[in-house]
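The values are calculated or read from the model by the stated rules, or taken from the named source; none is laboratory data. Everything numeric here is computed off the predicted structure, so don't read it as measured data. No Cβ is skipped: glycine too gets one built from the backbone with ideal geometry, and neighbour counts run over all protein chains shown.
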Amino acid sequence: MRRVGMIGCGVMGSAITRTLQDEGFVYDIDPERARALADGTRFQVAETLETVVKKCDLLILAVKPQTLSSIFPTLVQAGSKDKRWISIAAGVSTSTLAENLGTTEVVRYMPNIAARYKQSVTAVAAHPEAGRELLEEAKTIALGFGRVHVLDERLFDGFTAISGSAVAFIIKFLDSLAQGGADEGLAYPLGLTIAAQTAESAVTLIEESGLQPRDLINRVSSAGGTTVEGIKALNDGNLQATVMDAVRKTAQRSRELEEAALNHTERK
């Protein structure tokens with residue numbers, strides 16, 4: 001039976017662990033956090049980093065990118081080269097992971113915070129020399145906490161901008177709608193609920209109609225009607241240009257963080 005090891009029991013590590021049906025071990029620098037996660041699952045607490053590596057077949061790295069360089073030597077000493085690895089460390093490439101772990105059996109995840117509700121949209125990329133079995137294994141695990149897109153790793157920065165970070169962008173837009181509703185007399189909590197439900201309606205239209213966004217907007221917009229006025233205000237405020245700029249700047253920042261993570265690892 002496969003044994004899974006979770007290294008790092010923060011928000012994302014905990015969310016993923018709770019979707020797993022495997023037996024295994026969890027490890028965190030904070031033992032109390034590891035014990036809290038293990039409670040109610042099939043996982044045991046590993047007292048040391050070496051233990052979780054030695055006792056498990058598949059290891060998930062759910063630690064901050066800046067932490068990785070300090071634990072790589074311990075992972076190698078514990079036998080990392082004979083294990084399979086999945087990393088959710090932002091900005092740390094599969095090539096960097098492979099070089100420091102001593103194996104190309106490495107997959108990288110880019111999930112979003114909704115993993116805790118099994119609604120993440122997760123990008124998955126495998127090292128070019130990783131086995132097909134590991135990629136399939138990683139996809140199956142990721143499907144347990146949401147939807148999965150297998151991407152070329154070079155697209156991860158763009159994915160971060162329209163998924164991982166864009167969760168906050170979309171929440172900001174919904175908040176703005178609710179604030180607008182409050183100006184029109186709707187209580188903010190009710191307005192936020194209505195805006196969120198309407199966003200679900202819009203997503204359904206995109207997924208089920210087969211129509212392009214422009215066509216859907218035209219179907220909602222009647223000549224001289226309310227929607228036309230609202231769309232005009234959004235256009236006057238350069239909504240599309242602003243959102244595209246947010247994506248560009250987010251992706252650029254992601255590239256900068258990846259370069260910083262690489263330089264930090266190399267210095268170690």
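Checked across the stretch 145-157, the condition of being over 20 Å from Ile86 (Cα atoms) and touching a helix residue (DSSP H, G or I) at 6+ places or on another chain (Cβ under 8 Å) holds for no residue.
Against the test of being outside the structural domain of Lys83 (by TED's automatic domain parsing), farther than 19 Å from Pro111 by Cβ and either basic (Lys, Arg) or touching a Lys or Arg at 6+ places or on another chain (Cβ under 7 Å) (or both), the options Arg214, Arg132 yield a single qualifying residue, Arg214.
Quick one: in the stretch 54-80, which of the residues that are among the small types (Gly, Ala, Ser) and at negative phi is nearest to the chain's Cα centre (by Cα)? Among residues in the stretch 54-80 that are among the small types (Gly, Ala, Ser) and at negative phi, the one nearest to the chain's Cα centre (by Cα) is Ala62.
Screening Arg108 with (1) closer than 28 Å to Leu262 by Cβ; (2) in a helix (DSSP H, G or I); (3) within 23 Å of the chain's Cα centre (by Cα) gives one miss only, at (2). Considering Leu234, Leu216, Leu239, Leu262, the condition of being surrounded by 14 or more Cβ atoms within 10 Å (Cβ to Cβ) and more than 23 Å from the chain's Cα centre (by Cα) is satisfied by Leu216 alone. For Ala223, indicate whether it is modelled with pLDDT under 95 and either of a type in the set (Lys, Arg) or out of contact with any strand residue (DSSP E or B) (no Cβ under 7 Å at 6 or more places or on another chain) (or both). Yes; evaluated as a whole, the condition is true for this residue. Candidates Arg147, Arg84: the one that is of a type in the set (D, E, K, R) and within 15 Å of Ala15 (Cβ to Cβ) is Arg147. Of the set (1) free of Cβ contacts under 8 Å to residues at least 12 places away in the same chain; (2) outside any helix (DSSP H, G or I), all apply to Val148 but (1).
Taken together, the residues in the stretch 109-159 that are modelled with pLDDT of 95 or more, surrounded by 22 or more Cβ atoms within 10 Å (Cβ to Cβ) and small (Gly, Ala, Ser) amount to 6. A single entry from Ser80, Ser69 fulfils the requirement of being closer than 16 Å to Arg3 by Cβ and among the hydroxyl-bearing types (Ser, Thr, Tyr): Ser80.
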